[in-house]
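**Q** Would you mind keeping the following structure in view while I ask a few things?
Just so it is clear, none of the values below were taken in a lab; they were calculated from the coordinates. Fair warning: this is a prediction, and the values are worked out from it, not measured in the lab. Cβ placement follows ideal geometry from the backbone for every residue including glycine, while neighbour counts extend to all protein chains displayed.
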Amino acid sequence: MKIAVYGASGYQGRLVLTELARRGIETVLAGRDPVRLKEAAAVAGLPGAERRVAGTGDHEALVGALRGCDGVINCAGPFTSSGAAVVRAAIAAGCHYVDTSGEQLYIKEVFDTFATRARDAGVTVVPAANDGCVPVDLMAHVLADRLGPVEEIVSTHVIVGGGGMSRGSLRSLLETIDAVKAGGLTYDGGWRPGVPARHAAILLPGQQEPTPVMAFPVPEVVTIPRHVRVRRVEGVTEAALGDRLNMPLTPQLIDSLPEGPDEDSRRGQRFTYVLDATAAGGRRARGVVQGPDTYGTTAVIAVEGARRLIADPAAPGVLAPAQAYDPAGFLDFLAPHGIRWSVEDAPAA
């Protein structure tokens, strides 16, 4: 098994390299800068790993960088401007594809643009193989099995601590800031932008009072309706994030910041993702995923996601996580990495 990492020298890419090295999976480092690729290989404990240089603007070079690999993990954001080139090259190279994107409109573009091409090529593409989308999308499938046809799903993301975002994440945010401020897409029989959230506050696990929330472009709004019979899906996060989104953010400011949070900060971070589902008859259930270190968890999920596509192939095409993987099995795999998940019935509204 041979897995390429595109964007291997970036912050998230280096964490993915470290996870591949830990698991003893043959790795190819790919990216634009040969010097940075060499440094990343050394830091990850992969000094002898093959390195291939290719930019997203050179399709033939990019195909060549991926050819002969069984899968690729794309960590090179912002995905909105560069991700499609790597998907296109992976399909041409016959290489299964996952990425670590959280950019909602890009994720939808991958489904809209590449589904037929990937299916015809026998390649499986799973965008958004990250800490939020994968466990929440899988959990949505578990909830739907419990409830049957679903009227509404609300996905709430809350992250505490962690030392801030990486430079790569901030660049992605800057590129998509208008869509983020508008609240992203809501699914209501189709995907629609700028729809106000129906819910102004959510009672989070362990809290006595509801937390004010705002509409937010979580990736699973794009993926859940592809495998769950549901009328409406919306994503929200803490309303306090709105003030932070209004702070000035420029390329120059991003370049002046550290590459990403240090290991101690990541270790102290905690995320809680809550999925509230309501069936047509009013029956309700709630799923909760909690864990540490969003960037480290993303590395674990991306590597395992790519490995499973190779070792236990899914149908070709562009798939949501729950279409590509066994939901409960993948969620249980995450337990040794500090990820806890639960599903329980909730009182009817």
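**Q** Semi-axes of the range 182-226's equivalent ellipsoid from the Cα gyration tensor, sqrt of 5 times each eigenvalue, largest first, rounded to whole Å?
**A** The answer is 23, 12, 8 Å, longest axis first.
**Q** By how many nm would the segment from residue 262 to residue 60 lengthen if fully extended, with 0.36 nm per residue of separation less the alpha-carbon distance?
**A** Length gained between residue 262 and residue 60: 69.1 nm.
**Q** Report, in debye and to the nearest 20, how large the dipole of the chain comes out about its Cα centre when Lys and Arg carry +1 and Asp and Glu carry -1 on their Cβ.
**A** Dipole about the Cα centre, nearest 20: 340 debye.
**Q** Just the number: Rg to Rh for the range 155-287, Cα atoms, Kirkwood Rh, two decimals.
**A** 0.99
**Q** I want to check the label-to-label distance for residue 337 and residue 192. Put each point 7 Å from Cα in the C-beta direction and report it in nm to one decimal.
**A** With each label point 7 Å from Cα toward Cβ, the separation is 3.6 nm.
**Q** To continue, here is another question. As an exercise, take the mean of 1/r over every pair of distinct alpha carbons in the range 290-331, invert it, and state the Kirkwood radius in angstroms.
**A** 11.2 Å
**Q** Kindly provide the GluC sites (Glu not before Pro) of the range 239-308 that DSSP labels as loop, not H, G, I, E or B, and whose Cβ sees at most 15 other Cβ atoms within 10 Å.
**A** Here the GluC sites (Glu not before Pro) that fit, given the DSSP loop and packing criteria, are 259.
**Q** Right, something else. Taking Cα pairs under 8 Å and at least six residues apart, what relative contact order does the range 1-143 come out at, in percent?
**A** Here the relative contact order equals 20 percent.
**Q** Any idea how far the Cα center of the range 36-105 sits from the one of the range 292-326, in Å?
**A** So the separation of the two Cα centres works out to 16 Å.
**Q** Calculated from DSSP H runs of 4 or more alone, at -39500 (n - 2.57) each and per residue, what is the 222 nm mean residue ellipticity of the chain, nearest 500?
**A** One gets -11500 deg cm²/dmol as the mean residue ellipticity at 222 nm.
**Q** Name the lysines eligible as straight-distance cross-link partners of residue 38: C-alpha to C-alpha under 16 Å, and not fewer than 8 places from it in the same chain.
**A** none
**Q** Additional query: When ranked by the protection proxy of mean other Cβ atoms within 10 Å per residue, highest first, what sequence do the peptides 264-270, 243-249 form?
**A** Ranking, from highest mean packing down: 264-270, 243-249.
**Q** So, one more: Hey, got the Cα dimensions of the range 1-94 along the principal axes, in Å, largest first?
**A** Sorted from largest, the Cα extents of the range 1-94 read 29, 25, 19 Å.
**Q** Over the range 58-127, what is the relative contact order in percent, taking alpha-carbon pairs closer than 8 angstrom and at least six residues apart?
**A** Computed value for the range 58-127: 34 percent relative contact order.
**Q** I've got another one for you. Using alpha carbons only, what's the Rg to Rh ratio of the range 4-57 with Rh from Kirkwood?
**A** 0.92
**Q** May I ask you to list the aspartates and glutamates whose Cα is less than 20 Å away from that of residue 181, ignoring any residue fewer than eight positions away on the same chain?
**A** 103, 109, 220, 234, 238, 243
**Q** Once you have a ≥ b ≥ c as the square roots of the Cα gyration tensor eigenvalues for the range 276-349, tell me rounded if a/c is under 1.5, and otherwise prolate or oblate according to whether a/b is larger than b/c.
**A** Taking the square roots of the gyration eigenvalues as a ≥ b ≥ c, the range 276-349 is oblate.
**Q** Right, next: Using a ≥ b ≥ c from the Cα gyration tensor of the range 155-217 (square roots of the eigenvalues), is it rounded, prolate or oblate, where a/c under 1.5 gives rounded and otherwise the larger of a/b and b/c decides, a/b for prolate?
**A** oblate
**Q** Could I ask something else about it? Compute the Rg/Rh shape ratio of the range 70-158: radius of gyration over Kirkwood radius, all on alpha-carbon atoms.
**A** Reported Rg/Rh (Cα atoms, Kirkwood Rh): 1.02.
**Q** Relative contact order for the chain using alpha-carbon pairs under 8 Å, separation at least 6, rounded to a whole percent?
**A** 21 percent
**Q** Starting from the Kirkwood Rh over alpha-carbon pairs, what translational D in µm² s⁻¹ does the range 233-338 have by Stokes-Einstein at 10 °C and 1.306 mPa s?
**A** 91 µm²/s
**Q** Using a 7 Å offset from the Cα along the Cα-to-Cβ direction at both residue 255 and residue 243, what is the distance between the two label points in nm, to one decimal?
**A** About 3.1 nm, to one decimal.
**Q** Something else now. Contour minus end-to-end for residue 182 and residue 312, with contour as 0.36 nm per residue of separation and end-to-end as the Cα-Cα distance?
**A** Result: 42.9 nm gained on full extension.
**Q** So, one more: What per residue convex hull volume, in Å³, do the alpha-carbon atoms of the chain yield?
**A** Considering the Cα atoms of the chain, their hull volume per residue is 126 Å³.
**Q** Could I ask something else about it? Subtract the Cα-Cα distance of residue 112 and residue 23 from 0.36 nm times their separation in residues, and report this length gain in nm to one decimal.
**A** Full-extension gain reported as 28.7 nm.
**Q** Just to be sure I understand the model, the point goes 7 Å from the Cα along the line to the Cβ. What's the resulting residue 328 to residue 42 distance in nm?
**A** 4.9 nm
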